[in-house]
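To keep things clear, I will list the structure first and then write my remarks on it.
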Amino acid sequence: MKHLALFLSVALLAACAKPQPQAFHVIPMPADVTLSDGAFPVKGVAVAVDPALDDRSQKAVGRFVQALETATGVKTRRGEDGIRFCFNPAMAAEQYTISVNADGVVVEASALNGFVYACETLKQMLPPAIYGDRKAKADWVLPYVQIQDQPRFAYRGMHLDPVRHFWSIEETKRYLDVMTAYKLNRFHWHLTDDQGWRIEIKAYPKLTEVSAWRNGTVIKKDWGSNDGIRYGGYYTQEELREVVEYAAERGIIVIPEVDLPGHMVAALAAYPELGCTGGPYEVWTRWGVAKDILCAGNDAIFPFLEGVLSEVMDIFPSEYIHIGGDECFNGDAEPDRPDPWDVCPKCAARMRTLGIRKGPQAKHLLQNYVTDRVQRFINAHGRKIIGWDEVLEGNLTEGATVMSWRGIAGGVAAARKGFDAIMTPYSHLYFDFYQSDEQELEPFAIGGYQPLEHVYGYEPFEGIEPGTEDHILGVQANLWTEYIATPEHLEYMLLPRLCALSEVQWCAADKKDYARFDASLDHTFRLLDAMGVNYSLDCRGLMGLERLPSAKQE
Ligand code: ACM
Ligand code: ZN
């Protein structure tokens, strides 16, 4: 009898227990959040979508509704008494508001990005299972809250290197899904390099027949070694367009990079006449930087580059095309061999024609000539160039944007000279660096040390001269993949550092708070678990390597 009474009171309590909202753990933290007591149930909720929303916004809302139905296991219904998505033309494109109270949920935005970000914020306020692909038992309620949100920076990028290791279209879409969850809006796709060419170019078929494949890969850091396994791949134009559209539906612009005139040995392997020596060249099988680059004295490189870039601009509608420009004179093999541009008669003739005198600036000025010609071509097609910060050396033509990677100096100088800049310093934002100080227990990495708190602490305006801040368009982290061969490892390097990056990009400096961010990480990990995405627990000193099967391989 006593047992029965206990059972009945527990059952009664359970029946009466109100569903509890999640603690507020949204990353990146929205600009203004006012929470109040109470929660609005969303299982089987009514959804109303303003017909003024454009097609992509409707589709974004549709994906949110689908996720809600999948996770709760209950269909939504049409009606005005639940979640309403409203078009508000007075808002900026990336701005949104959310209001949750006893009357329901009202979301307002003016454009796709605002609606995408509102949906992600709603999802992060719900149980993490909302990011999964199956029904889950949970308290499906939203907290009463007023949110007004917009980003600090317009350019919020993440880079990926599919050259050193190749990532399938499905893996690339997962990468974009993670970016979407944390409100990033630029995907910098580094599609060409010494070790491979990854874009199908119909006018130059040898770029995929020859340049996309290398005869083996260096083993760990023994740069004299080669595993002898043919490696490579490329994306067809149809696949590239599919990624562009997938990203666009999530408010992400894909910025393709064709790295020039350096990091071009893969292309030279197919078209050796474009190099200073005429070759033969091989698609590089080791890491580092090849000495051979496009011959600046050979007029044939321009129709080649223009042919390639025409197809690239046709596939990628982005305002910016990244033309690389890094490390043209950093070739690290063959230390006794001079840079080709120092000994090439064609390059010497070009320098004479341009009036470039011998000296430490000569090669930079010759690179400026190549950059300028390519820039003019791209500008003539209504687009703009981004270059790595080496393009600033010598005389950069007006209208270029500089990507500051060798620390912040490139960004500081660019802004001072009136160029726009994107901050991606390797001091804070190279995610191929280790994230734990127990490096012997970590999967093999290129080196360096960038734990989560260090990434989080990056302040993009630090060092920028007062009055030039408007030239800093935004912030990006880079993920080079020399030592990253599996999707699990890629995601491990990406996360949760990308979450820290998102607050650097999104939050006003005075809204950042590492303690608050750190307290949200457990929720973030459950969210990533639901997405089926790998991450590092070790980023803040907890050992999580068992998550990564490849961790112990090297
Ligand atoms: C770079 O890391 N070479 C841009
Ligand atoms: Zn040359």
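Go through the residues of the stretch 313-328 one by one and say whether even a single one is within 19 Å of Asp259 (Cβ to Cβ) and either modelled with pLDDT under 95 or within 16 Å of ligand 2 (Cβ to nearest atom) (or both).
Yes, there is a match, as at least one residue in the stretch 313-328 is within 19 Å of Asp259 (Cβ to Cβ) and either modelled with pLDDT under 95 or within 16 Å of ligand 2 (Cβ to nearest atom) (or both).
Does Gly104 satisfy the condition of being within 17 Å of the chain's Cα centre (by Cα) and buried (at least 19 other Cβ atoms within 10 Å of the Cβ)?
no
Can you give me the number of residues within the stretch 415-441 that are more than 18 Å from Trp388 (Cβ to Cβ) and open to solvent by less than 10 Å² (accessible area, probe 1.4 Å)?
Final tally of qualifying residues: 2.
Pull up the stretch 447-467, narrow it to residues that are within 16 Å of ligand 1 (Cβ to nearest atom) and either outside any loop (DSSP other than H, G, I, E, B) or more than 19 Å from the chain's Cα centre (by Cα) (or both), then point me to the one that is surrounded by the fewest Cβ atoms within 10 Å (Cβ to Cβ).
The selected residue is Gly447.
Out of all the residues in the stretch 102-154, which are closer than 22 Å to Lys511 by Cα and of a type in the set (Ser, Thr, Tyr)?
The answer is Tyr117, Thr121, Tyr144.
(1) open to solvent by less than 40 Å² (accessible area, probe 1.4 Å); (2) away from ligand 1 (no atom under 16 Å from the Cβ): which one isn't true of Gly407, the others all being true?
Among (1) open to solvent by less than 40 Å² (accessible area, probe 1.4 Å); (2) away from ligand 1 (no atom under 16 Å from the Cβ), Gly407 violates only (2).
For the stretch 128-161, give me each residue that is buried (at least 23 other Cβ atoms within 10 Å of the Cβ) and part of a loop (DSSP other than H, G, I, E, B).
Scanning the stretch 128-161 gives Trp140, Pro151, Asp161.
All but one of (1) over 27 Å from Val402 (Cβ atoms); (2) in contact with a strand residue (DSSP E or B) (Cβ under 7 Å, 6 or more places away or on another chain) hold for Arg198, so report the exception by its number.
Tallying (1) over 27 Å from Val402 (Cβ atoms); (2) in contact with a strand residue (DSSP E or B) (Cβ under 7 Å, 6 or more places away or on another chain), Arg198 fails exactly one: (1).
Could you go through the stretch 286-293 and let me know if any residue there is more than 25 Å from Ala203 (Cβ to Cβ), of a type in the set (Lys, Arg) and within 15 Å of ligand 2 (Cβ to nearest atom).
yes
What are the residues in the stretch 339-376 that are open to solvent by 70 Å² or more (accessible area, probe 1.4 Å), within 12 Å of ligand 2 (Cβ to nearest atom) and β-branched (Val, Ile, Thr), if any?
Of everything in the stretch 339-376, just one residue is open to solvent by 70 Å² or more (accessible area, probe 1.4 Å), within 12 Å of ligand 2 (Cβ to nearest atom) and β-branched (Val, Ile, Thr), namely Val343.
Within the set of pairs 6+ apart or on separate chains, which have a first residue in the stretch 407-434 that is farther than 22 Å from Tyr483 by Cβ, a second that is among the acidic types (Asp, Glu) and not in a helix (DSSP H, G or I), and C-beta atoms under 7 Å apart?
Every condition considered, the pairs that remain are Val412/Glu465; Ala415/Glu465; Arg416/Glu465.
Give the number of residues within the stretch 397-446 that are of a type in the set (Ser, Thr, Tyr), in a loop (DSSP other than H, G, I, E, B) and modelled with pLDDT under 95.
Residues meeting the conditions: 1.
The values are calculated or read from the model by the stated rules, or taken from the named source; none is laboratory data. Just so we're clear, the structure is a prediction, and the values are computed from it rather than from any experiment. For neighbour counting, all protein chains shown are included, and Cβ atoms are generated from backbone atoms with ideal geometry for every residue, glycine included. Note: areas computed on protein heavy atoms with side chains; ligands, DNA, RNA excluded. Shrake-Rupley method; radii C 1.70, N 1.55, O 1.52, S 1.80 Å.
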